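The values are calculated or read from the model by the stated rules, or taken from the named source; none is laboratory data. In this text the structure is predicted, and so the values were computed from the model without any measurement. Don't worry about glycine lacking a Cβ; one is built from the backbone with ideal geometry, like all the others, and counts go over all protein chains shown. Side chains included, ligands, DNA and RNA excluded: accessible areas come from the protein's heavy atoms. Shrake-Rupley method; radii C 1.70, N 1.55, O 1.52, S 1.80 Å.
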There are 2 protein chains.
Amino acid sequence: MDVGKWKSIFGRYEAASFTVNKRFGSMIKEQLQDVLTVEQQMTLSYIKRFGSCTTTELAEAFCVQKSAITAIVTRLAEKGYIHRLRDEKDRRIVYLKLTEEGSDVFQCGEEKVFEVVSPYLKTFSDEEIETFLTLYEKLASQVNEE
Amino acid sequence: MDVGKWKSIFGRYEAASFTVNKRFGSMIKEQLQDVLTVEQQMTLSYIKRFGSCTTTELAEAFCVQKSAITAIVTRLAEKGYIHRLRDEKDRRIVYLKLTEEGSDVFQCGEEKVFEVVSPYLKTFSDEEIETFLTLYEKLASQVNEE
DNA sequence: TTGAACAGTTCAACTCTTGAACTAGTTATG
DNA sequence: CATAACTAGTTCAAGAGTTGAACTGTTCAA
């Protein structure tokens, strides 16, 4: 009931996320220049966070088919930023790890992204940012329960 | 100063937005099926909101080159969802408008997207959602001041 | 009048994505 | 044990989105 209220809330969410995502996305792309694409940076980020991971894991986290991940990983491997390691026990599995260079390139990009994004976060008070992040994280965890 | 605190906040923002955007993006794509892509739906949404608009306006709003918009608009026009109207006074300008069918297709997609997204928004209390949206909108407006 | 600026398009090249078909390896069941 | 079903990952063709350079056509100002 009160569908109108929720339509209005949905519309506000749509508009805000559209603006923030397009603008931040464009700034991030600009910072990464021609070194990495945004998807490639996120892929390195994911692997770095978990130390190593598989194609299947990445496909689930990114909500895409495994073949999409294979393509991205192949490009990153060609650039020398990732290497593939076969599991000795279960030889179907391929572990993805960052190379030394991949780790450096990621870190450098992340630093640049931080420099352009953080000024916007800093316009909020401590309390505001904490409230905002807590609610955003709550939304993320709800959405993650599939 | 206190760079560590802002790195941590930045990391939390990155993680939450990654999860929410990938999951919602995938759900939205699934709802739109093979009728429209997400970008196409957002393009129709923008035109609908303003009644009519130009390629240049869309390129600015979407933070992409004009040629990217031309490609999307051409596909939408081929499907019969948009028509192009030259300005009679300044014949360089092309106004984009939805066709009857384009408006219907957009509305139908929007309804389906609402059905899958709104349940997640509804898990918040009235106060939480209002606080969250107010802060998200504040971020959007900050980011919009280029 | 002519040159600069602007709106939009075209084109080649690239990345990302899907979905189907495939290879290779593992597990379960009779 | 054999073999069928499943699993991990890759390959491939096709299509969407994107960039950046070159282009057409139009407007405007010096």
Query - Average Cα contact separation per residue, the stretch A:3-144, under 8 Å, 6 or more apart, as relative contact order % - result: 22 percent
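Helix-only estimate, please: 222 nm mean residue ellipticity of chain A, summing -39500 (n - 2.57) across DSSP H runs of length 4 or more and dividing by its residues, to the nearest 500. If you can, show how the numbers build up before the last one.
Working: 6 runs with 105 residues, N = 146.
The helix-only estimate for chain A comes to -24000 deg cm²/dmol at 222 nm.
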Query - Interchain or long-range residues, amide H under 5 Å from residue B:53's placed H - result: B:96
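So if I average 1/r over every pair of distinct C-alpha atoms in chain B and take the inverse, what Kirkwood radius in Å does that give? Walk me through the intermediate numbers first.
Values: mean 1/r = 0.0566 Å⁻¹.
That comes to 17.7 Å for chain B.
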Query raised in the report: About its Cα centre, what dipole magnitude does chain A give when the only charges are +1 on Lys and Arg Cβ and -1 on Asp and Glu Cβ, stated in debye to the nearest 20?
Result: 540 debye
**Report entry** Solvent-accessible area buried by A and B, counting both chains, probe 1.4 angstrom, square angstrom
**Finding:** 6100 Å²
Query raised in the report: Using alpha carbons only, how many degrees (0 to 90, rounded to 10) separate the axis of helix A:100-121 from the longest principal axis of chain A?
Result: 10 degrees
Query raised in the report: For the stretch B:71-131, max minus min Cα coordinate along each principal axis, in Å, sorted largest first?
Result: 51, 25, 20
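Quantify, in whole percent, the carbon and sulfur part of the accessible surface of the stretch B:3-144 (1.4 Å probe; protein heavy atoms only).
On the way: 3800 of 7310 Å².
The computed percentage sits at 52.
Inside 10 Å of the C-beta atoms of A:62-71, what's the mean count of C-beta atoms belonging to other chains?
Averaged over the peptide's residues, the number is 2.
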Report task. Per residue of A:21-27, count partner chain C-beta atoms within 10 Å of its C-beta, then hand back the mean as an integer. Result -> 6
Query raised in the report: Hey, with R₀ at 41 Å, roughly what FRET efficiency would residue B:89 and residue B:29 work out to, going by the Cβ-Cβ distance, to 0.05?
Result: 0.55
Query raised in the report: Tilt of helix B:3-32 relative to the longest C-alpha principal axis of chain B, in degrees (0 to 90, nearest 10)?
Result: 40 degrees
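Based on Cβ point charges of +1 for Lys and Arg and -1 for Asp and Glu, what charge dipole magnitude is obtained for the protein assembly as shown about its Cα centre, in debye rounded to the nearest 20?
Details: 40 positive and 48 negative charges, 186 e Å.
Dipole of the protein assembly as shown, to the nearest 20 debye: 900 debye.
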Query raised in the report: In square nanometres, what is one fourth of the surface area of the convex hull spanned by the alpha carbons of the protein assembly as shown?
Result: 18.2 nm²
Report task. Could you state the accessible area per residue of the protein assembly as shown in Å², with a 1.4 Å probe and every protein chain left in place? Result -> 54 Å²
